[in-house]
Amino acid sequence: MIKCSADNDLDEVDRKILAVLQAEGRISNSDLAKKIHLSAPATHTRVKRLEQGGYIHSYVALLDRNKLGYDNLCFIELSLGVHKHEQIQAILETIMSWPEVLECHNVTGEYDYLLKVAVVNTRALEQFNSRKLIPLEGVAKIHTSLVLKEVKATTAIEV
């Protein structure tokens, strides 16, 4: 069972709040209260507790990357040729500073890291790989996959 703090389990109302906020992040507290059948002050208290407990860490606007001109979504696998913590941290800090990188995950298997990268076109992808990734000291191997079609893309998790 999911814990909200060391002492309190999430109850059904907390789960409803999280589900609604995932779908409607801009909903007002009073509208949220109506949807979950609770008073506005009690809803506000619960939302604050969920925020403080780390269940809600931010509120964002999800943008349409295609409408903004980022037509190419890619997954890039990286193997590192270094094993010292300081060297790995320096590489990760560099990667995290690049605006093209949407996500970076340390993974098991043949590669060490999986990057989710959005670029405007294949030329931009080639430049990203050849001007940023390949020259990055400590990167041993790169494998790039271009997404042909997004079948499912969501940020919502089941609560």
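For the pair D31 and V60, how long in nm is the line joining their label points, each one 7 Å along Cα→Cβ?
2.2
Classify the chain from the C-alpha gyration tensor, please: rounded if a/c falls under 1.5, else prolate or oblate depending on whether a/b exceeds b/c.
It is prolate, given that a/c is not under 1.5 and a/b is the larger ratio.
Among 31-44, 109-122, what's the highest-first ranking by average C-beta atoms within 10 angstrom per residue?
By packing density, highest mean first, the sequence is 109-122, 31-44.
Rank-order 148-158, 80-90, 65-75, 14-24 by packing density, defined as the average count of other C-beta atoms within 10 Å over each peptide's residues, highest first.
For the peptides 148-158, 80-90, 65-75, 14-24, the packing ranking is 14-24, 65-75, 80-90, 148-158.
Using alpha-carbon pairs under 8 Å, 6+ residues apart, how would you state the relative contact order of the chain in percent?
Relative contact order comes out at 26 percent.
In debye, nearest 20: dipole of segment 45-144 around its Cα centre with unit charges on the Cβ of K, R (+) and D, E (-)? Before the final figure, lay out the partial values.
Working: 11 positive and 12 negative charges, 80 e Å.
For this selection, approximately 380 debye.
Per 10 Å bin, what is the whole-percent P(r) computed from every C-alpha pair distance within segment 102-159?
Spelled out per bin, shortest first, that is 16, 47, 29, 7, 0.
Determine, from the Cβ-Cβ distance of T94 and S145 and an R0 of 25 Å, the FRET efficiency 1/(1 + (r/R0)^6), rounded to the nearest 0.05. Working shown, then result.
Details: r = 22 Å, r/R0 = 0.86.
For R0 = 25 Å, the calculated efficiency reads 0.70.
Nearest 10 degrees is fine. How inclined is helix 12-23 to the longest principal axis of the chain, computing both from alpha carbons?
Helix 12-23 sits roughly 50 degrees off the main axis of the chain.
Bear in mind that the values in this text are calculations on the coordinates, not laboratory data. Keep in mind that what you see is a predicted model, and the values were worked out from it rather than measured. Glycine gets a Cβ as well: all are built from the backbone with ideal geometry, and neighbour counts include every protein chain shown.
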